[in-house]
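One structure is given below, encoded as structure tokens.
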Amino acid sequence: MEVIADKGFNYNFIENAFINQKKNHFQITVNINLGSPTKPAYFCVNGILKEITDFKLALCGIKAESPTVEIGLKQSNSERKPINYEPTSVQIGEKQQIQIKVPRLHFSETTLNNARKAGKPNDQKFFQLAIKLQVYASDGSFCIVQAYQSEKVIVRVSFFKSLYFTNKNRNSNFEIAFCFTFSKSKF
């Protein structure tokens, strides 16, 4: 599984983190390589073999300093109204390569201590984005097949103007926008 955040994040060298403006949406693209021409049919939970009825891609924010605390995500619908994000069903058929795009996502809250006072360091808090591929059985039980978490992210409210950061050595403005990487998680 390869996960790419391909919209909505800018890298801030001062904070050494990716920045997301809460009002701006982001998009996640997930590429899944099954590695087998046949669709998986069963999974095991507590020694009991269960038939797979559904595959879902679940996303959430987590607090970097407290990874058991999840931060909800919102997803804007076609009228641009945010609704609670629900895991995306993944259609697995005969294809070995599957690509899923999850568009128009927003964090439901901002990180704490976003304000810098006169350029001095603060006790900035961070989120990470967690992506989980899950399989489900007809009784509602599920199992995480694979999970990834992003690098650290700062989520700021809309009125921050800090997408452009001043480089005091050269007295110029710069912006870096690129995809961040995900590392395998220990869920």
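Taken together, the values in this text are just the output of simple stated rules run on the coordinates, not laboratory data. Since the model is a prediction, treat every value here as computed from it, not as a measurement. No Cβ is skipped: glycine too gets one built from the backbone with ideal geometry, and neighbour counts run over all protein chains shown.
Calculate the spin-label point distance for Ser108 paired with Gln91, positioning each point 7 Å from the Cα along the beta-carbon direction, and give it in nanometres.
Here the modelled spin labels are 2.9 nm apart.
What distance in nm separates the two pseudo spin-label positions at Asn122 and Thr68, each 7 Å out from Cα along the beta-carbon direction?
2.8 nm
Based only on the alpha carbon positions, what is the Kirkwood hydrodynamic radius of segment 5-137, in angstrom?
Answer for segment 5-137: a Kirkwood hydrodynamic radius of 17.1 Å.
Ignoring solvent entirely, what values of log10 I(q)/I(0) come out of the Debye formula for segment 1-67 at 0.14 Å⁻¹ when each Cα is a single scatterer?
-0.71
Read phi for every residue in segment 9-14 and hand back ³J(HN,Hα) as whole Hz from Karplus 6.51 cos²θ - 1.76 cosθ + 1.60, θ = phi - 60°, with x for Gly and Pro.
10, 10, 8, 10, 5, 5
Just to check I understand the Karplus step: with θ = phi - 60° and J = 6.51 cos²θ - 1.76 cosθ + 1.60, what whole-Hz values come out for segment 30-47, glycine and proline as x?
Using θ = phi - 60°, the values come out as 10, 10, 10, 10, 5, x, 8, x, 9, 6, x, 10, 9, 9, 10, 10, 6, x Hz.
Would you mind getting me the FRET efficiency between Gln146 and Asn16? Use the beta-carbon distance for r and R0 = 25 Å, nearest 0.05.
With a Förster radius of 25 Å, E is 0.40.
Sort 49-56, 64-71, 145-152 for me by packing, meaning the mean count of neighbouring Cβ atoms within 10 Å per residue, highest on top.
145-152, 49-56, 64-71
In nm, to one decimal, how far is the modelled label at Lys81 from the one at Ile4, with both set 7 Å along Cα→Cβ?
About 3.3 nm separates the two model spin labels.
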